[in-house]
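Values in this text are rule-based calculations from the coordinates and carry no lab data. In this text the structure is predicted, and so the values were computed from the model without any measurement. Virtual Cβ from ideal backbone geometry, glycine too; neighbours counted across all protein chains shown.
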Amino acid sequence: MRQRAWICAATVAACLPYLLLKIAWIAGSDIGVSQEGFDDTTRTANVITAGLEVVAIAVALALVLPVGRRLPPLLVVLPAWVATGLLVPVGGGALIGSLLQGATGGGNALAGNDVLAGWVFALVYLGFAAQAVLLLSGFVLYARDRWPVVARGGSDRAAGGPTLALELLLGRVFVIGAVVFAVQQGLWATVGGGPFDDPTTAQQTFLVVSATAALAGAAAATGLLRGGRLTRLRLAGLWVGTAVLFSGTFLDTMKQVVIADDAWGAPQTHPAHAFLSLLVLLCALAGAIGGALRLATESGASTGGAAPYRREQRPATPAGSRSWPAR
């Protein structure tokens, strides 16, 4: 518990600089940014991202405070899942990508540009990397304490079960979406296009991390579809894979809706990409729901609930006779 408390305190500390910067921008400050870079739609996006950071702080507190164990699981799991999808690619791109770009002579990935100062890039992206490590570590410790199946893994999938057919359908839908997403990210990383016309090494790393997470989720789902055991590795792969698919495509969709086309930060992608993002987002939801059904079944079995896959068949009792339990 003490370890989790320190991790969550560090998470809050990592969130505060970004949150304070967003509050300053929302209030009209031009600290670290040229005023020409902002308009009303950009400020709306800043309000949304500041709200997400407040949610991250609330989740960090819920992971350590006693009230966190009394909250409905969805109130903790959903924001932690969305945060995973947002932070893992950004954290990987900021840490690994910046190091690779510097080592290969590509320059400083956090040097800034005509709109944002270099220290803003460092504060934002290194902060995201710290949040990715800290928040996910705290959530893993919390989940292991609250749901024992997370710590030990599940069982082999046997035939039958009320949700098996739905789980299989949702799993197949997710695998298709994950492969499409991974191919798209891989193409953008190698030949350009998408959000980056000529991606830097750090941006390529961001795309590769996203593609790798999607493939890890697809591999985990495929193993479960073939009747495999819900191991901790598969659970982690499914968690990260569905989260990256959902959060990445949800963020793209929100940019299309909220930010004006000519504003700084507006998506520079073909309209067909918005439609594809929406389809992949739905596939991510399918995978998350299917995984949640499997995990709920495993948790019910581990706590003495009804048998998850097979119904016990009792011998018929002849009419007119009594059956007494064995003592």
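Which whole-Hz couplings ³J(HN,Hα) result when phi for each residue of the stretch 88-96 is put into the Karplus expression 6.51 cos²θ - 1.76 cosθ + 1.60, θ = phi - 60°, listed in order with x for Gly and Pro?
With coefficients 6.51, -1.76 and 1.60, one gets 4, x, 5, x, x, x, 6, 7, 5 Hz.
Principal axes first, then extents: for the Cα atoms of the stretch 1-146, list largest minus smallest coordinate on each axis, whole Å, largest first.
47, 39, 22
Percentage of Cα-Cα pair distances in the stretch 146-214 greater than 13 Å, rounded to whole percent?
Of all Cα-Cα distances in the stretch 146-214, 72 percent exceed 13 Å.
I need the phi-derived Karplus couplings for the stretch 137-143: 6.51 cos²θ - 1.76 cosθ + 1.60, θ = phi - 60°, integer Hz, Gly and Pro marked x.
5, x, 5, 4, 5, 5, 5
Scan around V64 for amide H atoms under 5 Å from its own, H built in the peptide plane at 1.01 Å from N, and keep only partners 5 or more places away or cross-chain.
none
As an exercise, use a Förster radius of 22 Å and the Cβ-Cβ distance of V183 and R232 to find the FRET efficiency, rounded to the nearest 0.05.
The calculated FRET efficiency here is 0.20.
Could you run the Karplus curve 6.51 cos²θ - 1.76 cosθ + 1.60 with θ = phi - 60° over the stretch 146-155 and give me ³J(HN,Hα) per residue in whole Hz, x for Gly and Pro?
My calculation for the stretch 146-155 gives 7, 10, x, 4, 5, 7, 9, x, x, 10 Hz in order.
Under 5 Å between amide H atoms, partner at least 5 residues away or on a different chain: which partners does L230 have, H built in plane at 1.01 Å?
So L230 has HN proximity to G154, S155.
Distance in nm between label sites at N108 and L279, each 7 Å beyond Cα in the beta-carbon direction?
Between N108 and L279, the label points sit 4.3 nm apart.
Could you quote the convex hull projected area for the stretch 161-261, Cα atoms only and averaged over all directions, in nm²?
Answer in nm², one decimal: 7.7.
How long is the gain from L61 to R43 if the chain were fully straight, where each residue apart is worth 0.36 nm and the alpha carbon distance is subtracted?
Here the segment from L61 to R43 would lengthen by 3.8 nm.
On full extension of the chain, what length is gained from D198 through L20, given 0.36 nm per residue of separation minus the C-alpha to C-alpha distance?
The D198-L20 span can extend by a further 60.9 nm.
Using the 2.2 N^0.38 Å rule of thumb for compact globular proteins, work out how the stretch 107-192 stacks up: its C-alpha Rg over that value, please.
1.73
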